[in-house]
1. Which is open to solvent by 70 Å² or more (accessible area, probe 1.4 Å), at pLDDT 95 or above and assigned to a strand (DSSP E or B), of ARG83, ARG101?
2. So, of the residues in the stretch 104-122 that are surrounded by fewer than 21 Cβ atoms within 10 Å (Cβ to Cβ) and of a type in the set (A, V, I, L, M), which turns out to be nearest to CYS63 (Cα to Cα)?
3. Check ALA119, ALA69, ALA166, ALA157 and return the single one that is assigned to a loop (DSSP other than H, G, I, E, B) and closer than 23 Å to THR31 by Cβ.
4. Which of the following residues is among the aromatic types (Phe, Trp, Tyr), farther than 19 Å from GLU67 by Cβ and either touching a Pro at 6+ places or on another chain (Cβ under 7 Å) or open to solvent by 50 Å² or more (accessible area, probe 1.4 Å) (or both): TYR132, TYR125?
5. State which residue pairs qualify: first residue over 18 Å from VAL35 (Cβ atoms) and of a type in the set (Ser, Thr, Tyr) and inside the stretch 81-98, second residue open to solvent by 50 Å² or more (accessible area, probe 1.4 Å) and in a loop (DSSP other than H, G, I, E, B) in any location, beta carbons under 9 Å apart, and separation of 6 or more residues or different chains.
6. Residue check: is ALA68 at pLDDT below 95, open to solvent by less than 50 Å² (accessible area, probe 1.4 Å) and of a type in the set (A, V, I, L, M, F, W, C)?
7. Kindly evaluate ASP70 against the criterion of being closer than 22 Å to VAL32 by Cβ, of a type outside the set (A, V, I, L, M), out of contact with any strand residue (DSSP E or B) (no Cβ under 6 Å at 6 or more places or on another chain) and without any contact (Cβ under 8 Å) to a residue 24 or more places away in the chain.
Amino acid sequence: MGPDGLRVAALLAVLLCTACSGSPTPAGTATVDSVRDGDTILLDDGRRVRLVQIDAPELGVECWGDEAADALERLAPPGTALRLESDPWIDDVDRYGRLLRYVHAGGRNLTLELVRIGAAAPYLYRGERGLYARRLIAAARKARSERRGLWGACPRARFRPERQVATGAV
């Protein structure tokens, strides 16, 4: 079976498990303790979540890094209830032990919202195209064309979904 066949089989297994249990197995709930940077949240139980498939400029180092962290904190201030969504095509944790998740709050996909407002860019690590890859890329193209967030503030920013965002030094 090729890679596409394996992906279809994995997705069917997830869907069947979801249907059997009555609740979506890849999701979880959590509460925000604090925002660490533009793409990382500390939960009140001590776990760290790295918003998957996006990258925000580095806090205090790169152009728009501080603003990206502020944007995430506005969307998910301390005490916010979150729904965490894993992706069957993406690793569950990164090399630093952070959960890799799409993050939802108040019915909004915050991962997608950060890209839409120009606070982050799609980052398809190892070329992996997750559940929201197409939507993330479309949102980034629109944000860039409208010069929102980092796309208007950082002249050195380049749109390369296969790489981490690089906006230049502060």
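The values are calculated or read from the model by the stated rules, or taken from the named source; none is laboratory data. Source: prediction; values computed, not measured. Virtual Cβ from ideal backbone geometry, glycine too; neighbours counted across all protein chains shown. What goes into the accessible areas is simple: the full protein's heavy atoms, side chains included, and nothing from ligands, DNA or RNA. Shrake-Rupley method; radii C 1.70, N 1.55, O 1.52, S 1.80 Å.
1. That would be ARG83, the only listed residue that is open to solvent by 70 Å² or more (accessible area, probe 1.4 Å), at pLDDT 95 or above and assigned to a strand (DSSP E or B).
2. Residue satisfying both the conditions and the ranking: ILE117.
3. After applying the criteria, what remains is ALA119.
4. Criteria check complete, one pass: TYR125.
5. Hits for this filter: SER86/THR25; SER86/ASP92.
6. Criteria not met by ALA68.
7. When the stated conditions are applied, ASP70 passes them.
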